[in-house]
1. Can you tell me which condition A189 does not meet? The list is (1) part of a loop (DSSP other than H, G, I, E, B); (2) in contact (Cβ under 8 Å) with a residue 24 or more places away in the chain; (3) more than 16 Å from the chain's Cα centre (by Cα), and all the others hold.
2. For the stretch 1-60, which residues satisfy the criterion of being farther than 22 Å from L223 by Cβ, touching a Phe, Trp or Tyr at 6+ places or on another chain (Cβ under 9 Å), at pLDDT below 85 and in a loop (DSSP other than H, G, I, E, B)?
3. Taking the stretch 214-237 as the region of interest, how many residues are touching a residue at least 40 places away in the same chain (Cβ under 8 Å) and either in contact with a Leu (Cβ under 8 Å, 6 or more places away or on another chain) or not hydrophobic (A, V, I, L, M, F, W, C) (or both)?
4. For the stretch 104-185, give me every one of the strands (runs of 3 or more DSSP E) that falls completely inside it and has 3 or more residues that are in contact with a strand residue (DSSP E or B) (Cβ under 7 Å, 6 or more places away or on another chain) and farther than 26 Å from N28 by Cβ.
5. It is to be established whether one or more residues within the stretch 132-139 are among the polar types (S, T, N, Q), modelled with pLDDT of 95 or more, within 11 Å of the chain's Cα centre (by Cα) and at positive phi.
6. What pairs come out if I take residues in the stretch 3-32 that are closer than 19 Å to V68 by Cα and exposed (fewer than 15 other Cβ atoms within 10 Å of the Cβ) and pair them with residues that are modelled with pLDDT of 55 or more and basic (K, R) whose C-beta lies under 6 Å away, six or more apart or interchain?
7. What number of residues within the stretch 157-177 are basic (K, R) and surrounded by fewer than 15 Cβ atoms within 10 Å (Cβ to Cβ)?
8. Please work out which residue is modelled with the lowest pLDDT, limiting yourself to the stretch 61-95 and to residues that are within 30 Å of Q110 (Cβ to Cβ) and of a type in the set (K, R).
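The values are calculated or read from the model by the stated rules, or taken from the named source; none is laboratory data. Just so you know, these numbers come straight off a predicted model, no measurement behind them. Counting neighbours? That spans all protein chains shown, and the Cβs are built from the backbone with ideal geometry, glycine included.
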Amino acid sequence: MNYKAESLNRLDFPLKFGDRPCRIYGTNCAEYLLLQITDEHELQHMDNEISAIAQGSAHSFLFAAVPVKSWNDELSPWKSPAVWGKDSFGGKAADTLRFLTEQVIPALKQQFALPENVRIILGGYSLAGLFALWASTQTNLFYGVAAASPSVWFPGWMEFERQRSIQAQRIYLSLGDREERTRNATMAAVGDNIRALHHELAGRSKDCTLEWNSGGHFKDADLRTAKAFRWVMEDMR
């Protein structure tokens, strides 16, 4: 059965945790639960992303867009100085993961009658993609990781992942073919790092892929993220 995009309208009763509302799309009793950490800018294009995920999908899914207030702080796995501009990284990813596992996921399972063994895919773009990869080193809760243009340039990430491996069964990685062409020495490592990560995951017999997209980091983020979720959810090998 194909779940058309028009059948996956945004639900009118979003869950709200304090002052943090989660935008919900999809259907009850779904086979897959898709979770994406977002900011306000991404929410503006979320309808397009959901349509791209749903187009021709053979599986039912429930999608929750979970917003954060401080992108750099709430998604970074440990503290780090600013890489560009003045915004440093607060290293509060553990709090965000705890929020997902202790509040968001149990509430979604209960309210939308999700099966206990629902396959959970955690995804995101940029630093949210790195967060998804990191979160899967902390727990085996996530069936898959959809990491679109993840910030694998983050200081210390590659060394950390080698010591505490990603546990997800399916991992999607992508990068724009111009992203590593930057004068910022730290961020320029993103290309070599994502190649190395893909190579290491494949060497551990993980079901993973690395897709190269045309353009820089800020091109078609919604469609790139949709492709990431689609690959993990569908058998697209």
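1. (1)
2. Residue satisfying the conditions is L11 alone.
3. 11
4. Where strands (runs of 3 or more DSSP E) fall fully within the stretch 104-185 and carry at least 3 residues being in contact with a strand residue (DSSP E or B) (Cβ under 7 Å, 6 or more places away or on another chain) and farther than 26 Å from N28 by Cβ, they are 170-176.
5. Scanning the stretch 132-139, I find no residue that is among the polar types (S, T, N, Q), modelled with pLDDT of 95 or more, within 11 Å of the chain's Cα centre (by Cα) and at positive phi, so the answer is no.
6. P14/R23
7. Step one: list which residues in the stretch 157-177 are basic (K, R), which gives 162, 164, 170.
Next, from what is left, pick out any that are surrounded by fewer than 15 Cβ atoms within 10 Å (Cβ to Cβ): 162, 164.
Selection size over the stretch 157-177: 2.
8. K69
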